[in-house]
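Handing you this structure, nothing more for now.
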Amino acid sequence: MTVPDATAAFSEIFGGRPAFLVRAPGRVNLIGDHVDYCGGLVLPMAIDRAVLVAGRGTDTGTVEVHSSLYEQRVRIPLASLVPDADSPWCRYVVGVLTLLRRHGVALRGMDLWIGSQLPPGGGLSSSAALEVGVALAALAAADSDLDKRELALLCRDAEHEFAGSPCGIMDQLCCTSTPQGHALLIDCQSLYARPVALRLGDTELVVIDSGVRHSIAGGEYALRRRQCELALAAIRARFPHTGSLAQIPIDELADITGTLTPLLAKRVRHVATETERVRQTALLLESGNLEEVGRLMADSHVSLRDDFKASCPELDCLVDAAMTVDGVFGARMTGGGFGGCVIALVRNEAVSGLRTAVASAYESRFSGQAEVLAVHSAGAARVSHLS
Ligand code: ADP
Ligand code: MG
């Protein structure tokens, strides 16, 4: 979707022209899943698919929002920021507006048109893109500003409080802070983030969408978080200095998890080994050692599948099919799991072979179709003021 498309769509709904356009990218996590809420490292990349918000400030005292995805328009009076009960997506918008106001931003009325290139619930983080897109629009209308890290934290808090999704910080920080051509190595304990140059050479990153939809507000995700909390509490009872599960050194794992139940010990092993894989992947990417990156991606999938039980038969089928293709360096589930997407690192010339292999393996076992999307690195969310 181009700027003229978004402008035309805005005009059709609201009349007149938008004053600004926000582009808030989705993301794909290259490696490091289910470690963000355990203080681990993650390595997401902002992608060239985004939520677009065309908007203008008004003096009506209301925020009028149209989502083209849901073909719904809602009216939110600034005097009482309450979500529209018939439009669940509106909770993200109201959440962000409420927290901006709490932060001291003097909100203005707005007309907002929201367009999207991100499948909702597909693991490419449409929710964070929506939050950041709306927040930047509200800041633009109020002629105000917020530091990128603070913006990410505010959006995450809005998702916790208003959508009931206990997400980590990765999605929002990636959306606000990743430079183009880079992934963002985020330490989820300190929130220190460092761009990592992507030296992909003659390879590309391909996302394969299983079409299976999850909700991270759903039971399995919350259960994994709870298991990690229980494991940390039990470990701290014996080793009070343990800061987070992600800090446990790999060579001390057996010792430290020795008295946990086998299930909790596996969860901890995933968190500690995945964090180490992320650390190595960042260095290997910077030095262009893509074969080793691929090997770590494959190991990551096995760990998420067997130790963390965050995969599902559809994702396993896609990863297995991808790994049979010559020129695929590695493939893994990405995001919260239990559905959603796989990411593969593939030589350019092998992408069409990957499409064929994935389609035939998937369609022979499951009723739906898996969609293969080439994704490219994009820059962080930004506002363009239109003349
Ligand atoms: P993900 O972030 O992986 O896409 P989530 O379940 O976290 O999945 O967020 C999806 C939710 O975000 C949707 O159910 C919807 O409420 C909201 N959302 C995403 N894109 C849009 C959009 N273009 N318009 C309105 N709401 C959206
Ligand atoms: Mg989300």
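So for the range 115-133 (the condition being touching a helix residue (DSSP H, G or I) at 6+ places or on another chain (Cβ under 9 Å), part of a strand (DSSP E or B) and in the same structural domain as Glu159 (by TED's automatic domain parsing)), does at least one residue qualify?
yes
Do we have Ser127 as closer than 22 Å to Ser68 by Cα, within 10 Å of ligand 1 (Cβ to nearest atom) and buried (at least 23 other Cβ atoms within 10 Å of the Cβ) here? Steps first, answer last, please.
On the way: closer than 22 Å to Ser68 by Cα: yes; within 10 Å of ligand 1 (Cβ to nearest atom): yes; buried (at least 23 other Cβ atoms within 10 Å of the Cβ): yes.
Yes, satisfied.
Would you pick out the residues in the range 228-263 that are of a type in the set (D, E, K, R) and without any contact (Cβ under 8 Å) to a residue 12 or more places away in the chain?
Quick first cut of the range 228-263, residues of a type in the set (D, E, K, R) only: 229, 236, 238, 251-252, 255.
Selection gives Glu229, Arg236, Asp251, Glu252, Asp255.
From Ala137, Ala193, which residue is touching a residue at least 60 places away in the same chain (Cβ under 8 Å) and either among the small types (Gly, Ala, Ser) or at negative phi (or both)? Step through it out loud before you land on a result.
Values: Ala193 fails: touching a residue at least 60 places away in the same chain (Cβ under 8 Å).
The match here is Ala137.
Do you know which residues across the range 243-268 are of a type outside the set (A, V, I, L, M) and surrounded by 15 or more Cβ atoms within 10 Å (Cβ to Cβ)?
First, the residues of the range 243-268 that are of a type outside the set (A, V, I, L, M): 243-244, 247, 249, 251-252, 255, 257-259, 261-262, 266-267.
Selection gives Ser244, Gln247, Thr257, Lys266, Arg267.
Does the range 312-327 contain at least one residue that is more than 24 Å from the chain's Cα centre (by Cα), surrounded by 17 or more Cβ atoms within 10 Å (Cβ to Cβ) and among the β-branched types (Val, Ile, Thr)?
Yes, some residue in the range 312-327 is more than 24 Å from the chain's Cα centre (by Cα), surrounded by 17 or more Cβ atoms within 10 Å (Cβ to Cβ) and among the β-branched types (Val, Ile, Thr).
If you go through the range 264-285 one residue at a time, do you hit one that is without any contact (Cβ under 8 Å) to a residue 60 or more places away in the chain and of a type in the set (Ser, Thr, Tyr)?
yes
Mind telling me which of the residues Leu118, Leu97, Leu81, Leu112 ends up being over 29 Å from Val342 (Cβ atoms) and within 12 Å of ligand 1 (Cβ to nearest atom)? Walk me through it before giving the result.
Values: Leu118 fails: over 29 Å from Val342 (Cβ atoms); Leu97 fails: within 12 Å of ligand 1 (Cβ to nearest atom); Leu81 fails: within 12 Å of ligand 1 (Cβ to nearest atom).
Answer to the selection: Leu112.
The values are calculated or read from the model by the stated rules, or taken from the named source; none is laboratory data. If you're wondering where the values come from, they're calculated on a predicted model, not measured in any experiment. Because the Cβ atoms are built from the backbone with ideal geometry, glycine has one as well, and the counts that use them run over all protein chains shown.
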